[in-house]
Amino acid sequence: MADRIMKVNAYTTLDLLDGRAEGADFTDEGLAVLNVTSPRKHPDEVTLQLEIDPSDLDHLTAHADSVTLTPDQARTIAADLEKHAARVEEAQEE
């Protein structure tokens with residue numbers, strides 16, 4: 001990813017995902033990076049970051065979106081991801 005905002009390295013959670021940004025009258029699609037972090041010293045939050053390769057964006061400027069989560073919120077997302085992953089796997093086995 002050229003001109004990226006997020007650092008992408010061996011510790012990045014997921015890279016080269018299929019990303020999509022939707023607006024009222026557009027959809028941009030491209031490679032994306034998703035990362036989950038917490039501060040190394042005195043961790044007090046979980047941060048979830050997403051960035052779509054800026055070279056694939058026609059309607060948006062280069063940017064990265066992030067949300068800050070409490071441990072409980074992070075666990076809620078993790079549980080929901082597990083539930084939906086199981087649902088997709090079950091459907092694929094049919």
Has segment 71-89 got any residue that is surrounded by 12 or more Cβ atoms within 10 Å (Cβ to Cβ) and assigned to a loop (DSSP other than H, G, I, E, B)? no
Complete set of residues in segment 27-58 that are assigned to a loop (DSSP other than H, G, I, E, B), more than 25 Å from Thr70 (Cβ to Cβ) and either of a type in the set (Asp, Glu) or at pLDDT 95 or above (or both): Asp53, Asp58
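May I ask you to list the residues in segment 59-70 that are outside any strand (DSSP E or B) and touching a residue at least 24 places away in the same chain (Cβ under 8 Å)?
Those that are outside any strand (DSSP E or B) and touching a residue at least 24 places away in the same chain (Cβ under 8 Å): His59, Leu60, Ala62, His63, Thr70.
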What are the residues in segment 18-34 that are farther than 15 Å from Thr61 by Cβ and either touching a Lys or Arg at 6+ places or on another chain (Cβ under 6 Å) or surrounded by fewer than 17 Cβ atoms within 10 Å (Cβ to Cβ) (or both), if any? Asp18, Arg20, Glu22, Ala24, Asp25, Thr27, Glu29, Leu31, Leu34
Look through segment 36-63, keep the residues that are hydrophobic (A, V, I, L, M, F, W, C) and farther than 15 Å from Thr13 by Cα, and return whichever of them is surrounded by the most Cβ atoms within 10 Å (Cβ to Cβ). Leu57
Restricting attention to segment 61-94, report how many residues are at pLDDT 95 or above, of a type in the set (A, V, I, L, M) and more than 23 Å from Glu45 (Cα to Cα). 4
Restricting to segment 6-17, give me the number of residues that are exposed (fewer than 14 other Cβ atoms within 10 Å of the Cβ) and among the β-branched types (Val, Ile, Thr). 2
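Rundown of residues vs (1) closer than 22 Å to Ala78 by Cα; (2) of a type outside the set (A, V, I, L, M, F, W, C), yes/no style:
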residue	(1), (2)
Asn9	no, yes
Asp18	yes, yes
Asp25	no, yes
Thr37	yes, yes
Val46	yes, no
Pro54	no, yes
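The values are calculated or read from the model by the stated rules, or taken from the named source; none is laboratory data. As the structure is a prediction and not an experimental result, all values here were calculated from the model. Cβ sites come from the backbone with ideal geometry, for glycine too, and all protein chains shown count toward neighbours.
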